[in-house]
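Just so it is clear, none of the values below were taken in a lab; they were calculated from the coordinates. None of the values given here were measured: they were computed from a predicted structure. No Cβ is skipped: glycine too gets one built from the backbone with ideal geometry, and neighbour counts run over all protein chains shown.
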Amino acid sequence: MTHESPGDFAEFAAAAWPRLVRTAHILTGDFHEAEDLVQTTLVKVYARWRRIPASDIDVYVRKALINNNISRIRKKRVSHLLTPFLPETEQRAHSGHADSIEHRASVVQALAALSARQRTAMVLRYFDDLSDVEIAAAMNCSIGTVKTHIRRGLAVLRMHPALAGLSFLGVHDDAPARHRAA
């Protein structure tokens with residue numbers, strides 16, 4: 001069954017926006033680029049909206065988001081200074097949130113050191129909580145490639161100075177059983 005009206009798309013986009021922006025923010029490292037990435041993705045999805053089966057919409061949108069991010073990185077090839085917050089926001093931050101903001105900034109800085117494919121695999125695994133099979137489908141690669149990207153990404157993150165002394169979201173060498181391929 002496919003979607004019939006533009007109203008269906010508007011409902012989907014409104015419901016999916018926060019989740020997509022969160023994922024895109026972790027992928028890009030910049031909130032404004034994340035919003036641009038999600039907008040670009042939703043524009044492309046809207047063009048094909050009537051042809052996408054309702055049961056595959058989440059997978060389709062996730063895959064489109066990943067592909068658009070990789071295309072964005074290929075086009076830019078320019079390094080950006082990634083800041084996790086605007087300067088005026090930093091001054092107004094409450095002292096209770098300082099540790100949280102510092103930790104988030106460290107994670108974003110460390111993720112920026114990964115390749116686009118490693119970062120994508122890490123975000124889909126540890127932030128979107130997808131299995132190896134789901135990640136492989138979204139990235140259009142084999143399960144072994146997903147495991148390699150995650151293993152190498154974790155190795156880079158463990159050695160990154162911004163995460164020294166921090167446990168990266170409690171991630172250890174052994175992935176939870178639900179992430180292993182059947």
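When only alpha-carbon atoms count, how far does region 1-78 stretch along each of its three principal axes, as whole angstroms with the largest first?
41, 21, 17
Among HIS160, HIS149, HIS103, which comes first, then next, by fewest other beta-carbon atoms within 10 Å?
Neighbour counts put them in this order, fewest first: HIS103, HIS160, HIS149.
Using θ = phi - 60° and the Karplus curve 6.51 cos²θ - 1.76 cosθ + 1.60, what whole-Hz ³J(HN,Hα) does each residue of region 20-35 get, with Gly and Pro shown as x?
Per residue, the Karplus-derived 3J(HN,Hα) values read 5, 5, 4, 5, 5, 5, 5, 5, 8, x, 9, 4, 5, 5, 5, 4 Hz.
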